[in-house]
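Enquirer: Can you read through this structure? Questions will come right after.
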Amino acid sequence: MPRIRSSSSGSGYEDLSSLAGSVAPGSLLSQVRGVRDPGDELEMTASTAGVVPDDTFTVDQAVNAIGFGRFQVRLSLITGLCWMADSMEMMILSILSPAVQCTWRISEWRQAFITTVVFLGMMLSSPFWGKFSDKYGRKTTLVLSGSFLFFYGFLSAFAPTYVWLLLLRGLVGFCVGAIPQAVTLYAEYLPVKQRGKCVILLECFWALGACMEVLLALFVMPTLGWKWLLGLSSLPLLLFTLICPWLPESARFHAASGQSERALSTLKRMADDNGKPMLLGRLIVDDVSTVRRGALSDLLVPELRTTTLLLWFIWWASAFCYYGIVLMTTELFELSEEDLCSAPQGWEGAEVCQASCKPLQQEDYIDLLWTTLAEFPGIFFTLLIIEKFGRKKTMATEFFIYTLAILTLFFCVKSRAVLTVTLFVCRGMIAGMFQAAYVYTPEVYPTTLRSIGVGSCSGFARLGAMLTPLIAQVLIYRSPFASVIVYAFVAMTAGLACLLLPIETRGRPLQSSLSTAEFQ
């Protein structure tokens, strides 16, 4: 086992590239003769084989030994701010589209495309940001994307026409595609015992951002309008960009990239911040020369193919159902006044007249706030069961509860209170499930594929979010029942897919490289 040294002592570490000239304990004779000891070869690949020799340690061992402390608390706040700003940009979609429809007298299809173009940008950019992150680091990715996200988000407030608004919101979506890398960075600095709970608690920042957006809209929309709402909603991104210099780079990224000195410097900083001793020994960097870093095709190797394909569908379904509820809430509030059980309308599209628009009223914003607050109990429900039942069963359970809840809308819900409670349950369950997926996905992939794995899953999630406006903002006006059936079927199928995942990651350390034995 690695020995403990004082965090104030010298480094005295070597990376893998220098191990060839190093001598393992008991191999002094080999050094004198100039002969390479076979033990050195064993030590090079020890961590890949799951064996860590004496006086050596991995990044994961260092993180677990140092434990949770001030370093992780500060990282939680910085990452949480990023997550909160992302949530505000997403929540604004359910408020922006109806307002623009009334202002510029656009059709339902064009209204839905305002939402779709954001997710189109996110879908196209997710694999790009994943590869960029694997090559240049998590921190660099977040700083660059955060800066451009603020820039395009703020410019959206000055869009003079519908086309300009689509272009700028599409660029916002492209930058938002990098935000999931914040979760990857955060998870890599969490001890294995706290990782699941901490990543789930990070969802509190997402829920807080969504609630802040609704409250901001409640005060801004009636007097200043949607353009002011767009501008003010981008300010948290500016704050995140300004505090990014305090964001640490991933030690696992540095280690896997052969930058062991930087990895050790970050680990020592974490030990100092937490008031814990640093491990004594050499940092073992896995030999990953046989694995192409950041290649999408590596996600489909035999050991990972089933897991990857199922995760792609699960993430697609999660975003489809989550953003479906977010967008459908305001539409259902309008429909409830006319009777949800009315006969479906025809498919002939028509331009919406200014006089026929129904801007959201104070009552609508309050009910929207209630359904948004559902994400907090959803988080705590996930937190309660994820370590007890595991990641797979947690995700499946929440998908099944979502299915049962949304099916109640099939029975002519005319009461506003019943409708709000139903949407509350659906929003809470799918929000908790989404966060469970954010826990599971970085855990199931090794370091060399973690960012591209999360990035590709995020890309499929954006595809689901890109399609859901067609159901939540177009089909719902033709047949509310058909919309309910679509969401119920997708959620039920995704719940079954969760149970079919071949790997359960509860209590399993993060993997540094692809090992056949670890993925069978």
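What follows is calculated from the coordinates using simple rules that are stated; it is not laboratory data. Only a predicted model underlies this, so the values are computations on that prediction, with no experimental measurement involved. Every residue, glycine as well, gets a Cβ built from its backbone with ideal geometry; the counts of neighbours run over all protein chains shown.
Enquirer: On a full-extension model of 0.36 nm per residue, what is the gain between Thr493 and Leu384, subtracting their alpha-carbon distance, rounded to one decimal in nm?
Expert: The Thr493-Leu384 span can extend by a further 36.8 nm.
Enquirer: Provide the gained length on full extension for the span Arg262 to Ile366, in nm with one decimal, where the gain is 0.36 nm per separating residue minus the Cα-Cα distance.
Expert: Additional length available on full extension: 32.5 nm.
Enquirer: Could I ask something else about it? On a straight-distance basis, which lysines could pair with Lys227 in a cross-link, Cα separation under 20 angstrom, same-chain partners fewer than 8 positions away excluded?
Expert: Result set, ordered by chain and number: Lys358.
Enquirer: Let me ask another. Any idea how far the Cα center of the stretch 73-96 sits from the one of the stretch 443-496, in Å?
Expert: 20 Å
Enquirer: Between Lys193 and Ala295, what length in nm is gained on full extension when 0.36 nm per residue of separation is reduced by their alpha carbon distance?
Expert: Result: 33.7 nm gained on full extension.
Enquirer: When we measure straight from the Cα of Lys388, which lysines land under 19 angstrom away, once same-chain ones fewer than 8 places off are left out?
Expert: Once the sequence-local lysines are set aside, what remains near Lys388 is Lys193, Lys197.
Enquirer: Using mean Cβ contacts within 10 Å as the protection proxy, how do 257-270, 317-330 order, highest first?
Expert: Details: 257-270: 19.8, 317-330: 25.9.
Taking the mean over residues of other Cβ atoms within 10 Å, the ranking is 317-330, 257-270.
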